[in-house]
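A.B. asks: Would you mind keeping the following structure in view while I ask a few things?
Computed from the coordinates by the stated procedures, all read-outs in this text should not be read as laboratory data. Fair warning: this is a prediction, and the values are worked out from it, not measured in the lab. Ideal geometry is used to build each Cβ from the backbone, glycine not excepted, and the neighbour counts take in all protein chains shown.
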Amino acid sequence: MVPRYARPEMTAIWEPESKFRIWFEIEAHATDALAELGVVPESAAKAIWEKGAFEVERIDAIEAEVKHDVIAFLTNVAEHVGEDARFMHQGMTSSDVLDTCLSVQLVRATDILLKKMDALLAALETRAQEHKYTATIGRSHGIHAEPTTFGLKLAQAYAEFSRGRERLVEARREIATCAVSGAVGTFANIDPRVEAHVAEKMGLEIEPVSTQVIPRDRHAAYFAMLAVIASSIERLATEIRHLQRTEVLEAEEYFAPGQKGSSAMPHKRNPILTENLTGLARIVRSYALPAMENVALWHERDISHSSVERYIGPDATITLDFALHRLTGVIEKLLVYPERMQKNLDRMGGLVHSQRVLLALTQAGISREDAYRIVQRNAMKVWESDGELSLLELLKADSDVSAKISDDDLADKFNLDYHFKHVDTIFARVFDT
């Protein structure tokens, strides 16, 4: 975890104090259940809640000697609870605590991510509605294609992040399982009702079949979903970066008073936030593969997954949380230049309307092959003139065209509004309005 890209609410989930607090609650709830079943004295369960405490520094010191984090934790708690601490961890194994804790942490982290997704979606909807009919050029292969609106660009991003949110909800459901099933998951030394009790108290579902661990396919799916969301962040960030290029400059990141873009060139206004988001997306995506490699553990369990998850659990959620927050700010403050969009639309002499002319010629009785050839030979003249020539005027002067389409009808094919007649339909699909 890099503090530069971390926000306090998410970071707190992964702090040692929070982790050990969850461990304590798991152990205490399990002891409560054991007391209800008559396995341990009720007084012992009560004493654990009343006297139970721990110190991170003390746990670290004990672990340095015993080389086992859960034993170090239990030893430290026992120093506070006293004799009744012998009833803690009855029939349990370390992974019952570790895996259930990780589930709790990932659930809590996901709840924060969902809030950040909601904030981003709200920002996207606001800006999409603002620019619903702001005309701009659509590009394929980076080349001018046909007109669209900037609102539609943002509506597409809204729809994509909406899908991401739905997947994140499912990922939360799948990761929210509890295992308190003993050394190899058989419940030989602990009643399944203890697991059910702990699951209810910790806001989880029971794991149907655990070995010594919760199956890591759940975690693989979870981190893969974070990677998909990160990819959506990069897609939108890349769009903004392209739109901010000097020769395009249709939109750009907000540039604050006093902000500096370059140590050498005072004129620079660089897309540093979206470039940063592109890099952060790469980091989050990189955690999906090791999560998948964690699935294949030896027999009922080995420890090869543990070191991986100590990294990817905190880092992936903290980084994605920061990225979502940053992207929301970029969208909220994004500078949009409709005049430049219109200028870019117009700069290629009407080439963006070529398909309408092609279709009109086919409707007038010309084969598609011949219609394509007629339009293309005129379009290439405009292309090679870098937009100095007008496609409309060249087509008017082309006898193959004028023989089939009047000048007025031809001019109508260059009406920009034609391309936006279904914008309302698309918005209704996306925003349910």
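A.B. asks: With the cut-off at 25 Å, tell me which of the pairs K116/K421; K153/K260; K381/K421; K116/K333 have Cα atoms farther apart than that.
C.D. replies: In this structure, K116/K421; K153/K260; K381/K421 lie more than 25 Å apart at Cα.
A.B. asks: Quote the FRET efficiency, to the nearest 0.05, computed for K67 versus D118 with a Förster distance R0 of 60 Å and r equal to the Cβ-Cβ distance.
C.D. replies: 0.85
A.B. asks: Spin-label point model (7 Å from Cα, Cβ direction): what's the S286 to S231 distance in nm?
C.D. replies: 1.8
A.B. asks: Please give the length that would be gained between Y372 and D407 if that part of the chain were fully extended, namely 0.36 nm times their separation in residues minus their C-alpha to C-alpha distance (nm, one decimal). Let's see the in-between values first.
C.D. replies: Working: separation 35, 0.36 × 35 = 12.60 nm, distance 1.89 nm.
Working it through step by step, the gained length comes to 10.7 nm.
A.B. asks: Which log10 I(q)/I(0) values, to two decimals, does the chain give at q = 0.13 Å⁻¹ under the Debye formula with one point per Cα?
C.D. replies: For the chain, the Cα-only Debye profile gives -1.09.
A.B. asks: With r as the distance between the Cβ atoms of D398 and L335 and R0 = 41 Å, compute the FRET efficiency 1/(1 + (r/R0)^6) and round to 0.05. Could you put the intermediate results ahead of the total?
C.D. replies: Values: r = 42 Å, r/R0 = 1.01.
Between L335 and D398 the formula returns 0.50.
A.B. asks: At q = 0.19, 0.20, 0.21 Å⁻¹, what base-10 log of I(q)/I(0) does the Debye formula yield for segment 101-148 when every alpha carbon is treated as an equal point scatterer in vacuo?
C.D. replies: Cα-only, vacuum Debye calculation for segment 101-148: -0.73, -0.75, -0.78.
A.B. asks: Note down the nm distance, to one decimal, between modelled labels 7 Å out along Cα→Cβ at F187 and at E57.
C.D. replies: With each label placed 7 Å out from Cα toward Cβ, I get 4.4 nm.
A.B. asks: Only sites in a loop by DSSP and with at most 15 other Cβ atoms within 10 Å count here; which trypsin sites (Lys or Arg not before Pro) in segment 243-330 make the cut? Write down the numbers at each step before the final one.
C.D. replies: Working: sites: R245, K260, K268, R269, R282, R285, R301, R310, R326; in loops: R245, K260, K268, R269, R301.
Those that pass, being in a loop and sparsely packed, are R245, K260, K268.
A.B. asks: Near K67, which lysines are there with a Cα under 27 Å away, not counting those fewer than 8 places off in the same chain?
C.D. replies: K19, K51
A.B. asks: Moving on. Please sort by residue number the trypsin sites (Lys or Arg not before Pro) in segment 35-93 whose DSSP state is loop and whose Cβ has at most 12 other Cβ atoms within 10 Å.
C.D. replies: Within segment 35-93, the qualifying trypsin sites (Lys or Arg not before Pro) (loop, at most 12 other Cβ atoms within 10 Å) are K67.
A.B. asks: Using every pair of alpha-carbon atoms in segment 1-144, split the distances into 10 Å bins beginning at 0 and state the percent of pairs per bin, rounded to integers.
C.D. replies: Pair shares across the bins are 10, 28, 24, 14, 9, 8, 6, 1.
A.B. asks: About its Cα centre, how strong a charge dipole does the chain have in debye, to the nearest 20, once Lys and Arg get +1 and Asp and Glu get -1 at the Cβ? Write out the running numbers ahead of the final one.
C.D. replies: Values: 50 positive and 66 negative charges, 311 e Å.
It comes to approximately 1500 debye.
A.B. asks: With a Förster radius of 30 Å, plug the Cβ-Cβ distance of I303 and I272 into 1/(1 + (r/R0)^6) and report the FRET value to the nearest 0.05.
C.D. replies: Efficiency computed from Cβ-Cβ geometry: 0.15.
A.B. asks: Now for a separate question. Would you calculate the separation in nanometres between label points at I143 and K343, each defined as 7 Å from the Cα along the Cα-to-beta-carbon direction?
C.D. replies: 2.5
A.B. asks: Continuing with the same structure: Just report the Cα centroid separation between segment 214-286 and segment 416-433, whole Å.
C.D. replies: For segment 214-286 versus segment 416-433, the Cα centre distance is 28 Å.
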